[in-house]
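The values are calculated or read from the model by the stated rules, or taken from the named source; none is laboratory data. Treat the numbers as computed from the prediction; the structure is a model and nothing was measured. Here the Cβ is made from the backbone with ideal geometry for all residues, glycine too, and neighbour counts use every protein chain on show. The protein model used for the area step is the full one, side chains on, heavy atoms only, and it has no ligands, DNA or RNA in it. Shrake-Rupley method; radii C 1.70, N 1.55, O 1.52, S 1.80 Å.
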Amino acid sequence: MVGQFAARKLVASLGGARSRPDRRLIVVITGGMRRQETFSARGGVNIPHLSGDLLPNSLFYSGVRNDGVTSHFNAISSILTGNWQRVDDWGNNPPKSPTLFEYVRRQTGLAGDEVWMVASNKALTSQIGASSSGTYGTPYGANVVFPKALLLTAVEEAIQKGHQGNLADHDKAEAEIESVIQGSDYEGLGWNVFGEAHQLDRSVEAPVKNAIERFVHTNAPATGDQLTFFVAVEIMRRFAPSLLVVNFSDVEAAHFGSYSMHLGGIRNIDRLTYELWQEARSNTEYRDRTLMVIMPEFGRDPDGSNTNGFLNHRSNDDTCRMIWMMCLGPPIARPRIVDRPVRQVDLCPSLARWLGCQATESTGGVLAEIVA
Amino acid sequence: MDVKLNLPPSISDPLNRGLVKKLPRTFQPYINQEIQSWQFKFPYEQNYLQSVISYLDGLSPEQFENLFLGVRQVEAKMDLGSPAFSEREQTIEAASILARSPYYLPWREEVNKVFDRIHGAALGEEQARLAAINRLLLLVFPGALPLDPHDLLPNWPDGQLKRLDWPKETRAQPSLLEALLKGKRQPDGRLGPGFLEEFAATQDRNLGDVWLIESGTGLRELLPGLVGVGQSRAILLSFERLKAFREAFLEQIKSMRKSLADADAISHRLRGLKVESWCPEEIGNNPVIREFVRALFLSNNGTQLFSNAFVEWGTAQAAAHARPVVVVCEFGLRSKPKPFTSVAIFENPASASPLPSVPDPEGSAVDAGMLAYYAWLEMRRHPECRRTACVCLFENAPYVFAAGTEDFPLWKETEPVAPERLASILRSWLI
């Protein structure tokens, strides 16, 4: 099984153990959201925390462009590598150039438990954690965790076993989800960055169980992003990684034609992102030393497009390609809004530089406001 | 199956002269697929395909090469050697490979240029004739949806509200919809025929001119003369009546692994499935409508899961394939996602969780408001449908919300407008 939470002991094994860097980086990548439903006169109501609580203290890029393939795996891997990726849309191949995870681990000697990705999107696989680049690759990759996939598997298994009644009872639902973690057929979800071991490392199991327990017993909506949030927070508390990438995707309910569920996903992202920032501000490992960046993968198609508007994200319009980026934290010298157009691929080299590395194979530029 | 046997000479002759083989690589699967489905096409689509093929066949070799020069130049730079590129049909995998190519956008531009030239040269006259026809999109919001008509205005800047002369109580008899579509009760107690039934009965109607697309079965019950047993004056698509069809498709889709090749395999299997036994009679008996519904569910966009998405995308596809003259849509109510099953969205919530279903009127109203706007945009997107009047009817509010051409007679009416007067306006608009 599992590999998922890193099958081996999470200890530094590559590049030699150096002292922990003083900086922490959290990158939140969300599913597709149009500017008209977020940072616009009418969209502000959906993002009260982002637009009201966080914007005034942020470095905000109002025009970030996705010039690549507007599918999930390609968009996220483009952000993480600083190159427009054109690989299999469903994550059957890794990115072709090194990810931020690899640059940071190889160049700073960060240990394996210092770099994590927690993702909701079903289109991702563990291939997102490391590239096929010969000089980098899996040895320098991230721990990649898919809590929503875990939840999906639990629901499907419960139904197959005729246990669906358990999904109406919180304690039994928790047991159903935990049984998937302890089962033997879960590696298909691919959290195998650290190897082929078939037992979940106990040091990892506890945080997952804690997250599940809190997820199941909370009164918050039982969405995939909620569980992703809980797992991300548990990882912060348990391992305090220097680099954490979180991906939220409840907004992708749009594909099924429910505008209200899409807006609900945006509001979830607004709330969960805010709460993640509150965690970073209160957790002593993160307080006063964390840069948090929030950016959608892309927008969505415009109303009246032949691709059915908000349901999809494949048109070549600005509504789909133009998004925004918010940077938070004391490392930001001066809160301001930057209207200069930038590209998604500029993020990786900028963040690498901020962490003291060089994204040598990225074609993106360095954003002066971030590294200043 | 040799579909060429059923083709008119205007298509079979150019095919026999090797027309398809002369086309650029990326055009061949499209044209082949269109020809393969000839017998399942609406009259509008058949006319369109004949015009395109005839135009291409009539070009001189130089004109033909000139038309496709830009596409061929871009294709030469693209990696089209993958076995995923079938010449016979378009596949999800091939579309994905195209979309990932760095030359995808230039390719799209060149393809658009080709179609613009074909449409201008081969279809201009027919498009102008069709564009002169008055059309109607009637969107009905049932009383269960708490939608304030004023809430539509921000999303729909070219729309106008008109107050109706109608009591506010939602339980008024007959209903507002009945009053509009059936008129006053006749002395013998019968209702109707209303303007829609009159229009559908006119002599020169083609298959695909009149559509009823609904979440439930209310339109079918109100208009049995259009879609009852032995009647085919309108096409009826009812989300509720297609339950068996939808669930059978969902079972197949759930089995899909995460790969484009598997998506193509399942899509291929679903295209070949015998579906007649899952269809209500008004669909199972007509292969054109049956294949339309199959394609509708294959294109997803939530059509198998949410009734309002089904209504909107059904309207969009009806407009794309048939250029309807009248579409009447009724939205509906969905349930709230249940705990945990909301992430497993392809699960049937009723079987996945024993918790009772809880209706979501507010969420359904938000969905319906946006999707009604999309249905209107989809109709208006086609040049032939520019003279479409859109009328939204609210069973819980004495208003209509309308959009359309400047000469739509409703604009001149003094408020409040009686339902009989509205019906009269719509009748004169269509007949």
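Numbers at a glance
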{"quantity": "Filter pass, A:Phe230 being at pLDDT below 95 and either among the aromatic types (Phe, Trp, Tyr) or open to solvent by 10 Å² or more (accessible area, probe 1.4 Å) (or both)", "calculated": "yes"}
{"quantity": "A:Phe298 being within 14 Å of another protein chain (Cβ to nearest Cβ), within 22 Å of A:Ile370 (Cα to Cα) and buried (at least 21 other Cβ atoms within 10 Å of the Cβ)", "calculated": "yes"}
{"quantity": "Residue satisfying all of: in the stretch B:275-303; modelled with pLDDT of 90 or more and not in a helix (DSSP H, G or I); nearest to the other protein chains (Cβ to nearest Cβ) among these", "calculated": "B:Thr303"}
{"quantity": "Selected residue (criterion: farthest from the other protein chains (Cβ to nearest Cβ)) from residues of the stretch B:304-322 that are more than 25 Å from B:Ala144 (Cβ to Cβ) and in contact with a helix residue (DSSP H, G or I) (Cβ under 7 Å, 6 or more places away or on another chain)", "calculated": "B:Ala322"}
{"quantity": "Residues within the stretch B:354-372 that are open to solvent by 30 Å² or more (accessible area, probe 1.4 Å) and either of a type in the set (Asp, Glu) or not in a loop (DSSP other than H, G, I, E, B) (or both), tallied", "calculated": "4"}
{"quantity": "Failed item, numbered, when A:Trp84 is tested on (1) within 14 Å of chain B (Cβ to nearest Cβ); (2) among the aromatic types (Phe, Trp, Tyr); (3) in a helix (DSSP H, G or I)", "calculated": "(3)"}
{"quantity": "Conditions (1) within 12 Å of another protein chain (Cβ to nearest Cβ); (2) assigned to a loop (DSSP other than H, G, I, E, B); number of the one not met by A:Asn74", "calculated": "(2)"}
{"quantity": "Top-ranked residue in the stretch B:357-370 [being more than 7 Å from every other protein chain (Cβ to nearest Cβ) and among the hydrophobic types (A, V, I, L, M, F, W, C); ranked as nearest to B:Leu145 (Cα to Cα)]", "calculated": "B:Ala365"}
{"quantity": "Boolean, A:Pro98 is more than 14 Å from every other protein chain (Cβ to nearest Cβ), in contact with a helix residue (DSSP H, G or I) (Cβ under 9 Å, 6 or more places away or on another chain) and surrounded by 24 or more Cβ atoms within 10 Å (Cβ to Cβ)", "calculated": "yes"}
{"quantity": "Positions within the stretch A:222-249 being in a helix (DSSP H, G or I) and within 12 Å of the chain's Cα centre (by Cα), in sequence order", "calculated": "A:Asp225, A:Thr228, A:Phe229, A:Val231, A:Ala232"}
{"quantity": "Leading residue by the ranking (least open to solvent (accessible area, probe 1.4 Å)) among those in the stretch B:1-57 that are without any contact (Cβ under 8 Å) to a residue 12 or more places away in the chain and not in a helix (DSSP H, G or I)", "calculated": "B:Gly18"}
{"quantity": "Elements of type helices (runs of 4 or more DSSP H) in the stretch B:58-164, at least 1 residues being open to solvent by 80 Å² or more (accessible area, probe 1.4 Å)", "calculated": "B:61-77, B:104-118, B:124-131"}
{"quantity": "Test: residue in the stretch B:319-338 that is of a type outside the set (S, T, N, Q), on the phi < 0 side of the Ramachandran plot, open to solvent by 30 Å² or more (accessible area, probe 1.4 Å) and at pLDDT below 95", "calculated": "yes"}
{"quantity": "B:Arg421, sole failed condition from (1) open to solvent by 30 Å² or more (accessible area, probe 1.4 Å); (2) modelled with pLDDT of 95 or more; (3) within 14 Å of another protein chain (Cβ to nearest Cβ)", "calculated": "(3)"}
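Condition check ((1) at pLDDT 80 or above; (2) open to solvent by 40 Å² or more (accessible area, probe 1.4 Å)) across all residues:
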{"position": "A:Arg65", "(1), (2)": "yes, yes"}
{"position": "A:Ser71", "(1), (2)": "yes, no"}
{"position": "A:Trp90", "(1), (2)": "yes, yes"}
{"position": "A:Val118", "(1), (2)": "yes, no"}
{"position": "A:Tyr136", "(1), (2)": "yes, no"}
{"position": "A:His163", "(1), (2)": "no, yes"}
{"position": "A:His170", "(1), (2)": "no, yes"}
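Rundown of residues vs (1) outside any loop (DSSP other than H, G, I, E, B); (2) open to solvent by 40 Å² or more (accessible area, probe 1.4 Å), yes/no style:
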position	(1), (2)
A:Tyr274	yes, yes
A:Trp277	yes, no
A:Thr284	no, yes
A:Asp303	no, yes
A:Thr307	no, no
A:Phe310	yes, no
A:Asn316	no, yes
A:Trp324	yes, no
A:Pro330	no, yes
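Table: residues versus (1) assigned by TED's automatic domain parsing to the domain that holds B:Ser267; (2) among the small types (Gly, Ala, Ser); (3) more than 32 Å from the chain's Cα centre (by Cα).
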site	(1), (2), (3)
B:Gln63	no, no, yes
B:Leu67	no, no, no
B:Glu75	no, no, no
B:Ser82	no, yes, yes
B:Glu89	no, no, no
B:Arg117	no, no, no
B:Ala122	no, yes, no
